[in-house]
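Quick notes on the structure that follows.
The values are calculated or read from the model by the stated rules, or taken from the named source; none is laboratory data. Fair warning: this is a prediction, and the values are worked out from it, not measured in the lab. When we count neighbours, we look across all protein chains shown, and the Cβ atoms used for this are built from the backbone with ideal geometry, even at glycine. Only protein heavy atoms, including side chains, enter the accessible area calculation; ligands, DNA and RNA are left aside. Shrake-Rupley method; radii C 1.70, N 1.55, O 1.52, S 1.80 Å.
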Amino acid sequence: MTYDLLIVGSGSAGVAAALEASALGAKAAVVEAGVLGGTCVNVGCIPSKYLLRAADAFHRAGHPVFPGLRTGALGVDWPALLSGKEALISALRKEKYQEVLKAAGVPVLRGRARFLDGERMEVEGREVLAGRYLLATGARPFLPPIPGLQESAPWTYLEALSAPALPESLLVVGGGPIGLELAQAFARLGSRVVVLEALPEILPQEDRELARLLRGYLEEEGIEVHTGVRVEAVAREGTFRVQTDRGVFEAERLLVATGRKPALEGLGLERAGLARDERGFLKVDPSLRTTNPRVYAAGDAAGLPQFVYVAAQSGRVAARNALGLKTPLDLAALPRVTFTDPALAAVGLTEEEARERYGEGVRAAVLPLSQVPKALTARDTRGAFKIVVDEEGTVLGLHVLAHEAGDVIQEGILAVKYGLSYRDLIDAFHPYLTLAEGIRLVAQALDTDPKKLSCCA
């Protein structure tokens, strides 16, 4: 059996690569040993955001913000909630993975793939040849080498999203996006939650000012957040006991959200001459070609930023390059969203990064959400907009902390990608009483006190 391109992995990177190859007229196939669809649809984006939205609805029912409204959060039927999650996953897996591959004429070869040498693979003992190979095997949760951690069988996001019951108390190790999102979801559904982060701040990759605001909002909801805490040992004796340099923390369940490692075991990388970097990911060049010129990699396995949209785009780019085209992977205007409530969305440089790179000419402005009419009418002014520009006024970064912040960051992506000036943002129309209006207002705040502006002028 011979193909132009054999793709190992059926997640976003693999399916995007398969569809691109098919569109280019190539004969492609996908190899999958597990469940079709990879991380995002099965155990990542879809189930986690489903749980977050459910927790948000429950929280808002119990905390009405408008005068005269009397609502209540009556309880959580956890098995029914999980059943709805599984139904959604099953439908999307069929519609967006199984059926689109079938429509594109791309077969799915079931079984484990491994290299026989630098030019041949086998799938469950059957030799499969291809002109080019693409590894899109993704990543899985990483457990740090802490004494007693492995033996205690903690949760990762995999177990947390399918937990048999809501825990009364939950310890979360890791103050990054996954840890904070699940911490807030479980807290809003009724668990007592404590977050432990080793670094001095939560969300260390984000703007310090907005990350600190978010921490305050999480703490107002009753979530304990401890930063600069080093976990030294874990024991499980009915409950989890986590020994740190600041004392012992105890809870019914322990969730570890400290990153992910590449899923590359059993592929026979050495036989194919494939090298890894210092983190264990496949070494790739700018075209996403590995150290074997016949093998390409995409998504998490290639050590790229772990976002599903990066995986999909890298899959398309890798497929094009494997088939003889020359397409770069442009990550210059890469957005990121932490789906807490309020959410933190960002693109480009933080103020700290910009000043380090461009010096004193950098300017920044912050607009509290209390200056955005949409937030006032929604009676939710938690958050802020922040813009960072260089000496000429070119937008270097946009950061938004607000409910559904991810839905308004796209304008910032375009501004950073195409080198727009903050004056371009001011001159563009922004519909009144939308959250997007905050982008115009924060751009104006570079020159004008927003308190001196009319609400729609």
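Below is a table of values for the structure above.
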{"quantity": "Which numbered condition Gly359 fails, given (1) open to solvent by 20 Å² or more (accessible area, probe 1.4 Å); (2) among the small types (Gly, Ala, Ser); (3) not in a helix (DSSP H, G or I)", "calculated": "(3)"}
{"quantity": "Selection within region 236-246 - out of contact with any helix residue (DSSP H, G or I) (no Cβ under 7 Å at 6 or more places or on another chain), open to solvent by 30 Å² or more (accessible area, probe 1.4 Å) and modelled with pLDDT of 95 or more", "calculated": "Thr239, Arg241, Gln243, Asp245, Arg246"}
{"quantity": "Hits in region 1-44 (condition: touching a residue at least 60 places away in the same chain (Cβ under 8 Å), farther than 20 Å from Val128 by Cα, in a helix (DSSP H, G or I) and touching a Phe, Trp or Tyr at 6+ places or on another chain (Cβ under 9 Å))", "calculated": "Ser12, Gly38, Val43"}
{"quantity": "Selection from region 199-217 of residues that are part of a loop (DSSP other than H, G, I, E, B), farther than 21 Å from Ala187 by Cα and open to solvent by 10 Å² or more (accessible area, probe 1.4 Å)", "calculated": "Leu199, Pro200, Pro204, Gln205"}
{"quantity": "Set Val123, Val108, Val100, Val76: member being in contact with a Ser or Thr (Cβ under 8 Å, 6 or more places away or on another chain) and either touching a residue at least 12 places away in the same chain (Cβ under 8 Å) or over 30 Å from Leu189 (Cβ atoms) (or both)", "calculated": "Val108"}
{"quantity": "Condition met for Arg230 (touching a strand residue (DSSP E or B) at 6+ places or on another chain (Cβ under 6 Å), among the basic types (Lys, Arg) and closer than 26 Å to Gly44 by Cβ)", "calculated": "no"}
{"quantity": "Residue tally, condition in a helix (DSSP H, G or I), open to solvent by 10 Å² or more (accessible area, probe 1.4 Å) and touching a helix residue (DSSP H, G or I) at 6+ places or on another chain (Cβ under 7 Å), over region 118-174", "calculated": "2"}
{"quantity": "Selected residue [modelled with pLDDT of 95 or more and open to solvent by less than 20 Å² (accessible area, probe 1.4 Å)] from Gly397, Gly324, Gly406", "calculated": "Gly397"}
{"quantity": "Hey, Arg260 out of contact with any Asp or Glu (no Cβ under 6 Å at 6 or more places or on another chain) and among the basic types (Lys, Arg) or not", "calculated": "yes"}
{"quantity": "Among the residues listed as Glu351, Glu392, Glu360, the single one being modelled with pLDDT under 95 and not hydroxyl-bearing (Ser, Thr, Tyr)", "calculated": "Glu360"}
{"quantity": "Filtered residues of region 232-258 (kept if under 26 Å from the mean Cα position of the chain (by Cα) and under 19 Å from Arg192 (Cβ atoms))", "calculated": "Arg253, Leu254, Leu255, Val256, Ala257"}
{"quantity": "Residues satisfying the stated conditions in region 312-333, i.e. over 26 Å from Ile46 (Cβ atoms), touching a Leu at 6+ places or on another chain (Cβ under 7 Å) and in a loop (DSSP other than H, G, I, E, B)", "calculated": "Leu323"}
{"quantity": "Exclusive hit being in contact with a Leu (Cβ under 9 Å, 6 or more places away or on another chain), without any contact (Cβ under 8 Å) to a residue 24 or more places away in the chain and charged (D, E, K, R), set Arg363, Arg357", "calculated": "Arg357"}
{"quantity": "Complete set of residues in region 431-457 that are in contact (Cβ under 8 Å) with a residue 24 or more places away in the chain, open to solvent by 50 Å² or more (accessible area, probe 1.4 Å) and part of a loop (DSSP other than H, G, I, E, B)", "calculated": "Tyr432, Leu433, Cys455, Cys456"}
{"quantity": "Any hit, region 88-96, residues being surrounded by 11 or more Cβ atoms within 10 Å (Cβ to Cβ), assigned to a helix (DSSP H, G or I), of a type in the set (Gly, Ala, Ser) and free of Cβ contacts under 8 Å to residues at least 12 places away in the same chain", "calculated": "yes"}
{"quantity": "Every residue from region 415-428 that is open to solvent by 20 Å² or more (accessible area, probe 1.4 Å) and either under 30 Å from the mean Cα position of the chain (by Cα) or touching a residue at least 12 places away in the same chain (Cβ under 8 Å) (or both)", "calculated": "Val416, Lys417, Tyr418, Gly419, Leu420, Ser421, Arg423, Asp424, Ile426, Ala428"}
{"quantity": "Ala28 more than 19 Å from the chain's Cα centre (by Cα) and buried (at least 19 other Cβ atoms within 10 Å of the Cβ)", "calculated": "yes"}
{"quantity": "Hits in region 256-311 - residues which are in a loop (DSSP other than H, G, I, E, B), more than 15 Å from Arg114 (Cα to Cα), in contact (Cβ under 8 Å) with a residue 60 or more places away in the chain and among the small types (Gly, Ala, Ser)", "calculated": "Ala257, Gly259, Ala298"}
